[in-house]
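Student: Got a structure for you, written out below as structure tokens; questions coming shortly.
The values are calculated or read from the model by the stated rules, or taken from the named source; none is laboratory data. Since this is a predicted model, take the numbers as computed values, not measurements. For neighbour counting, all protein chains shown are included, and Cβ atoms are generated from backbone atoms with ideal geometry for every residue, glycine included.
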Amino acid sequence: MFFCFMKNFCWNYLFLLLFLFTAAPVFSQIENLNIKQDSKVDSLLKKKIELDRARFDNAYFTLQLYYGDVDTAKETLERSRELFPHIPVELSFETPNYKVQAGRFKDKLVGLKTLDTLKQSFPAAFLLARRSD
């Protein structure tokens, strides 16, 4: 009985080894890989990189201090220039309201830090993502 068990074990072991050695070449990887792609893919990729670069160059963050009527906008503009003379502030018109925006920041983190400083004087201020056209 022990011999019968050993005999089956040996055959199973030999069968497993035979399977592994014959299956290895079937599942192995090929050394050389040739990729054929159209030249248009490279030109499209270059155009995409150029567009992304242009979009990044034109994008910035600003702090919007006020949005509303002209009189309050002018007051907010003067007050912000007095309190924070180192931050450029501009007044713009967007139908039917005026905007007071401060600073141009490429880095969002710098804009958020400046926002924390301005929030003490202008509680309604918020960070705004913009693109120059």
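Student: Which of the residues belonging to the range 51-97 are free of Cβ contacts under 8 Å to residues at least 12 places away in the same chain and small (Gly, Ala, Ser)?
Tutor: Listed by number, the residues that qualify are ALA54, SER92.
Student: Being aromatic (Phe, Trp, Tyr) and surrounded by 10 or more Cβ atoms within 10 Å (Cβ to Cβ) is the filter; apply it to the range 23-64 and report the residue that is modelled with the highest pLDDT.
Tutor: Residue satisfying both the conditions and the ranking: PHE61.
Student: A follow-up question, please. Return the pair list, or none, for Cβ contacts closer than 6 Å from residues in the range 15-43 that are aromatic (Phe, Trp, Tyr) to residues that are part of a helix (DSSP H, G or I) and at pLDDT 70 or above, at least 6 apart or on different chains.
Tutor: none
Student: Name every residue in the range 82-133 that is more than 27 Å from the chain's Cα centre (by Cα), more than 12 Å from GLN64 (Cα to Cα) and not in a loop (DSSP other than H, G, I, E, B), in order of residue number.
Tutor: Listed by number, the residues that qualify are GLU82, LEU83, PHE93, GLU94, ASN97.
Student: Condition test on ALA59, is it small (Gly, Ala, Ser), touching a helix residue (DSSP H, G or I) at 6+ places or on another chain (Cβ under 9 Å) and closer than 27 Å to ARG131 by Cα? Lay out the reasoning, then the answer.
Tutor: Numbers: small (Gly, Ala, Ser): yes; touching a helix residue (DSSP H, G or I) at 6+ places or on another chain (Cβ under 9 Å): no; closer than 27 Å to ARG131 by Cα: yes.
Against the criterion (small (Gly, Ala, Ser), touching a helix residue (DSSP H, G or I) at 6+ places or on another chain (Cβ under 9 Å) and closer than 27 Å to ARG131 by Cα), ALA59 does not qualify.
Student: For TYR13, only one of the following conditions fails: (1) hydroxyl-bearing (Ser, Thr, Tyr); (2) surrounded by 10 or more Cβ atoms within 10 Å (Cβ to Cβ); (3) modelled with pLDDT under 65. What is its number?
Tutor: All conditions are met except number (3).
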